[in-house]
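Q: I have a structure I would like to understand better, so I am pasting it below and will then ask my questions one at a time.
No value in this document is a laboratory result; all are computed from the given coordinates. The model shown is predicted, which means the values in this text are computed figures rather than measured ones. Positions of Cβ are backbone-derived with ideal geometry, glycine not excepted, and every protein chain shown enters the neighbour counts.
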Amino acid sequence: MKTKFYILSVLVFLITGNALSYELCSRSNISYISPNAFEFDSSVNISYYGLNLTLTTGQNYLSGNVNVKGNFLIPNNTFFLNLSNSMSVDSVTGQGFTGFTHLNNFLNINFDNNRNNFDIRIYYKGLPGNSGFGSFTFSSQNSVPVIWSLSEPFGSSDWFPNKNSPSDKADSSEVWITCASNLTGVSNGLLYETISNANNTKTYKWKSRYPISSYLISIAVTNYSLYTNYFKYAPADSMAVNHYLYPGTLNSVKSNLDLTPQMLALFSEKYSLYPFIQEKYGHAQFGWGGGMEHQTISSMGAFYTSVIAHELAHQWFGDKVTCRNFNSIWLNEGFATYSESVWLENYEGRESYNEAIKSRMASARNALGSLYVLNTNNVNEIFNSNRTYSKGAVVLHMLRGVTGDSTFFDILKSYVNDPALAYSTAITEDLQRVSEQVSGKNLNYFFQEWIYGENYPVYTINWGKSKRADGRYDAIVTVTQKQNTNPAFFTMPVDVKISDSKGDTTFTVFNNAQTQTFSFVVNSNPSLVTFDPANKILKDKKGDDPVESIDFRLLQNYPNPFNPQTKIMYMLKEYTDVNLRVYDLCGREVAKLVSDKQRPGTYEVAFIAGNFASGVYLYKLDAGGLTESKKMVLLK
C-alpha cells in the first residue's frame, strides 16, 4: 500500500519530476480494530473463497454468501473463521455441518464428526464494519455511488468470513458482484461473465487462479470508464492493463497511466516476469488518498508515478511473495518503496535515484524501534512511515551496496521464484537465506543489525598520513562509532576514497569494531578522505565530508569522574614517538600508559586506577615535540 504507510503520520511520499514531495492524507478513516481481528484458527488451511455478493447502495447494505473450502491439519469437528459482529449470519450449509455460533467476531463451525476437509457456504448480510483504513466503504463520487474495500491488515473480516491471516493463502478465489446496472463491479483476476438481471442489476463474475491472501481480495464498484494499455511481454503475447476510472478522470492521469506498461517491462526485467501474467494488471480508482496493492487490480486514490510504481511492485513483493505475518511487513512495503527508486533510476537516471535515497534516509533516521514490528496489535506500528517504508527501502539499498548491483537483482529474482516462497509467504530469514545462497556471503551480521537492531551508525572519521621510504604515502584512517544500544555498533563494509594529486582511489574495508584504524597506500601526498562516497550506508557522520587530515589532539577522558577505569583518546598527525603518562597533583608519575612509536590516527587507551586514592590526576601526552595535558577525577 502506498499512502497507508504515511498513515498514521499523515504524510505520503510522492515523486513528481525529480523531487520528492508530500501529500497530506486524512487520518479520519483509521478506526478501531477489535483485538479479536488478530486471532485466527491455525488448525486449518483455506483452499478457496467464493464470494457471491449483492450490494444495495440506496440502503448501503451487503448480502450474499461465501463458499469456503479447506482442510484440517489434524482431523477435527470444529473450526472458526473471522467475521465481524456487524454482519448477521442467516445460515450455514455443508456436508456434515451441524451448527454455528457467531460471537465476539468469531464464526464457529461445527460438524457431526472429525473430518479432513470441509466445504461450507455461509449466508449473511449487514452493513460491513469500517475498521483499519476503511475495510469496506459506501461513498459517492460526482453524486454516483462508489463502493470499495481496503482490508489490510485485518479488515477483510469486516465484510466476508475468512481466515484473517496473511500466512494462509487460498489456492484460488472468485468474487461475484451484483450491483445496480449503471455501475461496474471490479475485482481480482479475470472477468469471465457479466449477467444482466431482470431487476435492473448486473452481476460481474471475477475469477483468480493464483494463490491469494484474504486481505488482497477486493471489490471496487462505481460507474467506471475503462481505459486499456497492453504489456507486450513476448513477440506474440500481450497482457491487458485495465484502468477503471471515474468518468472525466482520464485526461488528467493518462500520461502517467501510459507509463504502466514500461514499469511492467522494467520490473519484469529486474524481478522476473509479472507474476499474474495469465490474468491481468490494472487500477481501480477509489476514494482513499493513496493506493492499495490488491492482487492484479490495485485500488488507486492517486495516480502519481511513484504510487503507480509502488503498487505495481507489490505484485511481486506482497502479492506473489507475501509477508507471513505483519511483524515482517517490511518485506512488502520496503520492497515496494525501494522499487519507486528503481523506477526513477531507470527512467530518469542515477542522480534521481540518489536523490530519492537521500530523502528516504532522512526519513529513516527518524525511525524508532526495530524494522521487525514488535506490536502488530497496533496498526500505526505496522505501517509506520519512517520505519516500515523508508528504513525498509534503505535496507535494500544497503544490501545492494554490500552485494553489488548484478548480484542484488539476482537475489531479488531468486527470492520471488524460490520454490518455498513463490506464491506463498516469507519472513526475513527467508530473504537472508536466499541472499546468502546467491551472493556466497555470510550476511547474518547485516540482517541481525538492520532488521532486529535499532537506529543507525554515527561515525567519527579521523585520518593522518606518513611518507614511506619508497616515496609513496600511508593514509591512516580511524573510524569510530558512537555507542548504540542494539547493536552496540554496526558492522558494515565501507568505501573510503583517498584523494591525492594524481586522482582518487576508493578502497573497501570491513568495519567490524567500534574503533578501528585502516592503513591505505597511495602514490602521492593524500589531501582528502571521503567516507562512504556513494552514500551506501544509512548513517550520520561527524566532521566535514571530505575529511581533512587530523591534528595533534588529546581528548577528555570518559567517563569522568571514574571508578576504577576510564578511557583516554588522542590523535596523531604524523609518525612519531609517543608518551602518555599519568601524574598526581604533586607532579609524581604514577602510571606510564604509552611509550612507543605510532602512526597517524586516533588511539584509545584504558587507565585502571587500581589501588590509587580518590582525587584529581593529570594525564599528559608528548608526541613529535607537542605536549598536551588534562585533568581527570577518580572517585571511590
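Q: Modelling each spin label as a point 7 Å along the Cα-to-Cβ direction, I'd like the residue 258/residue 273 distance in nm, to one decimal.
A: 2.8 nm
Q: Under 5 Å between amide hydrogens, which residues at least 5 positions from residue 44 or on another chain qualify, with H placed 1.01 Å from N in the peptide plane?
A: Correct list: 73.
Q: Would you tally the net charge around residue 429, using a Cβ to Cβ cut-off of less than 15 Å, leaving residue 429 out, and scoring K and R as +1, D and E as -1? Can you show the working numbers first?
A: Numbers: positive: 324, 433; negative: 418, 430, 436, 449.
Charge balance in the 15 Å sphere: -2.
Q: Taking amide H positions as placed 1.01 Å from N in the peptide plane, with prolines and chain starts having none, which residues 5 or more places from residue 329, or on another chain, fall under 5 Å of its amide H?
A: Long-range HN contacts for residue 329: 373.
Q: How far, in nm, would the chain grow between residue 78 and residue 123 when pulled straight, counting 0.36 nm per residue and subtracting the alpha carbon separation? Don't skip to the end; give the middle numbers.
A: On the way: separation 45, 0.36 × 45 = 16.20 nm, distance 1.84 nm.
14.4 nm is the gain from fully extending residue 78 to residue 123.
Q: Another question about this same structure. Just want to confirm a number: the relative contact order over segment 237-327, from Cα pairs under 8 angstrom separated by 6+ residues, in percent.
A: 28 percent
Q: Could you compute the FRET efficiency for residue 354 and residue 48, with r as their C-beta to C-beta distance and R0 at 51 Å, rounded to 0.05? Walk me through the numbers on the way to the answer.
A: Values: r = 46 Å, r/R0 = 0.91.
Computed FRET efficiency for residue 354 and residue 48: 0.65.
Q: On to the next question. Shape call for segment 458-542 from the C-alpha gyration tensor, a ≥ b ≥ c root eigenvalues: rounded (a/c under 1.5), prolate (a/b greater than b/c) or oblate? Please report the intermediate quantities before stating the final value.
A: Working: a/c = 2.65, a/b = 1.98, b/c = 1.34.
Prolate shape, in that a/c is at least 1.5 and a/b is the bigger ratio.
Q: Would you compute, from DSSP H runs of 4+ residues alone, the mean residue ellipticity of the chain at 222 nm, taking -39500 (n - 2.57) per run and dividing by the full residue count, rounded to the nearest 500?
A: Values: 10 runs with 112 residues, N = 636.
About -5500 deg cm²/dmol.
Q: Once you keep just the Cα pairs under 8 angstrom separated by 6 or more residues, what percentage relative contact order results for the chain? Each step should come with its number before you reach the end.
A: On the way: 1550 pairs, mean separation 55.9, N = 636.
This gives 9 percent for the chain.
Q: Using 27 Å as the Cα-Cα cut-off, could you pick out the over-long pairs in 497/620; 169/205; 125/320; 169/270; 280/391; 539/631?
A: Values: 497/620 34 Å; 169/205 21 Å; 125/320 31 Å; 169/270 25 Å; 280/391 31 Å; 539/631 33 Å.
Checking Cα-Cα distances, 497/620; 125/320; 280/391; 539/631 exceed 27 Å.
Q: Using the alpha-carbon atoms, what tilt in degrees (0 to 90, nearest 10) does helix 260-271 show relative to the longest principal axis of the chain?
A: Computed tilt is about 60 degrees.
Q: Please work out the Cα convex hull volume for segment 209-272 and give it in Å³ per residue. Can you show the working numbers first?
A: Values: hull volume 8.7 nm³, N = 64.
So the per-residue Cα hull volume is 136 Å³.
Q: Sticking with this structure for a sec: Can you give the local net charge around residue 619? Use residues other than it whose beta-carbon is closer than 14 angstrom to its beta-carbon, Lys and Arg +1, Asp and Glu -1.
A: On the way: positive: 553, 567, 581, 588, 592, 620, 630, 631; negative: 584, 589, 604, 622, 628.
That works out to +3.
Q: Taking only Cα atoms, what is the 0 to 90° angle, nearest 10, from helix 428-439's long axis to the longest principal axis of the chain?
A: Around 60 degrees separate the two axes.
Q: Further, regarding this structure: How much FRET efficiency would the formula 1/(1 + (r/R0)^6) give for residue 588 and residue 452, where r is the Cβ-Cβ distance and R0 is 41 Å, rounded to 0.05?
A: Values: r = 51 Å, r/R0 = 1.24.
The formula returns an efficiency of 0.20 here.
Q: If you don't mind, another one. Using only Cα atoms, find the angle between the long axis of helix 392-403 and the longest principal axis of the chain, and express it within 0 to 90 degrees, rounded to the nearest 10.
A: Relative to the chain, helix 392-403 is tipped by roughly 60 degrees.
Q: What order do you get for 323, 586 when you list them from fewest to most C-beta neighbours inside 10 Å? Please list the in-between numbers first.
A: Numbers: 323 25, 586 6.
Starting with the residue having the fewest Cβ neighbours, the order is 586, 323.
Q: To continue, here is another question. Round to a whole angstrom and tell me the spacing of the C-alpha centers of segment 572-636 and segment 139-171.
A: After rounding, the separation between the Cα centres reads 68 Å.
Q: I've got another one for you. Can you put 38, 510, 383, 118 in order, fewest other beta carbons within 10 Å first?
A: Values: 38 15, 510 12, 383 27, 118 22.
The fewest-first ordering by Cβ neighbours comes to 510, 38, 118, 383.
Q: For the pair residue 236 and residue 506, how long in nm is the line joining their label points, each one 7 Å along Cα→Cβ?
A: About 4.6 nm separates the two model spin labels.
Q: Before anything else, pin down the relative contact order of segment 35-223: Cα pairs under 8 Å, at least 6 apart, normalised by residue count, whole percent. Could the numbers behind the result be given before it?
A: Details: 524 pairs, mean separation 43.8, N = 189.
Relative contact order of segment 35-223: 23 percent.
Q: Once volume of the Cα convex hull per residue in Å³ is worked out from the coordinates, which option in (1) 181; (2) 167; (3) 191 does it equal?
A: (3)
Q: Taking θ = phi - 60°, what integer Hz values does the Karplus form 6.51 cos²θ - 1.76 cosθ + 1.60 yield along segment 275-288, in sequence order, with x for Gly and Pro?
A: x, 10, 5, 7, 10, 6, 10, x, 10, 10, 5, 8, x, 10
Q: If amide hydrogens are placed 1.01 Å from N in the peptide plane, which non-local residues have theirs closer than 5 Å to the one on residue 117?
A: For residue 117, whose amide H was placed from the backbone, the distant partners under 5 Å are 72.
Q: Go from 0 up to the bin containing the longest alpha carbon distance in segment 562-618, width 5 Å each, and give me the % of pairs per bin.
A: 4, 16, 28, 22, 15, 11, 4, 0
Q: Taking other Cβ within 10 Å of each residue's Cβ, how do 310, 397, 294 sort, fewest first?
A: Values: 310 29, 397 24, 294 33.
Least crowded to most crowded, the residues run 397, 310, 294.
Q: Related question: How large is ³J(HN,Hα) for each residue in segment 212-218, as worked out from phi by the Karplus curve 6.51 cos²θ - 1.76 cosθ + 1.60 (θ = phi - 60°), to whole Hz, x for Gly and Pro?
A: Rounded to whole hertz, the list is 8, 7, 4, 6, 8, 6, 8.
Q: Compute the distance in nm between two label points, each set 7 Å from the Cα along the Cα-to-Cβ direction, one at residue 377 and one at residue 519.
A: Each label point is offset 7 Å from its Cα along the Cβ direction, giving 5.7 nm.
Q: Among residues other than residue 68 whose Cβ falls under 13 Å from its Cβ, what is the net charge (Lys/Arg +1, Asp/Glu -1)? List each step's numbers first, then the result.
A: On the way: positive: 69, 121, 163; negative: 41, 119, 168, 171, 174.
Overall, the nearby charge balance is -2.
Q: Would you mind calculating the gained length between residue 142 and residue 91 on full extension (0.36 nm times residue separation, minus the Cα-Cα distance), in nm to one decimal? Don't skip to the end; give the middle numbers.
A: On the way: separation 51, 0.36 × 51 = 18.36 nm, distance 3.76 nm.
So the extension gain works out to 14.6 nm.
Q: So, in Å, what gap is there between the alpha-carbon centers of segment 34-100 and segment 419-443?
A: If you average the Cα positions of each part, the centres end up 34 Å apart.
Q: Also, I was wondering about something else. Using θ = phi - 60° and the Karplus form 6.51 cos²θ - 1.76 cosθ + 1.60, what ³J(HN,Hα) does each residue of segment 143-159 get, whole Hz, x for Gly and Pro?
A: Using θ = phi - 60°, the values come out as 6, 10, x, 9, 10, 8, 10, 8, 8, 5, x, 10, x, 4, 6, 6, 9 Hz.
Q: FRET efficiency for residue 199 and residue 223, Cβ-Cβ distance as r, R0 = 30 Å, nearest 0.05?
A: Numbers: r = 18 Å, r/R0 = 0.61.
After rounding, the FRET efficiency stands at 0.95.
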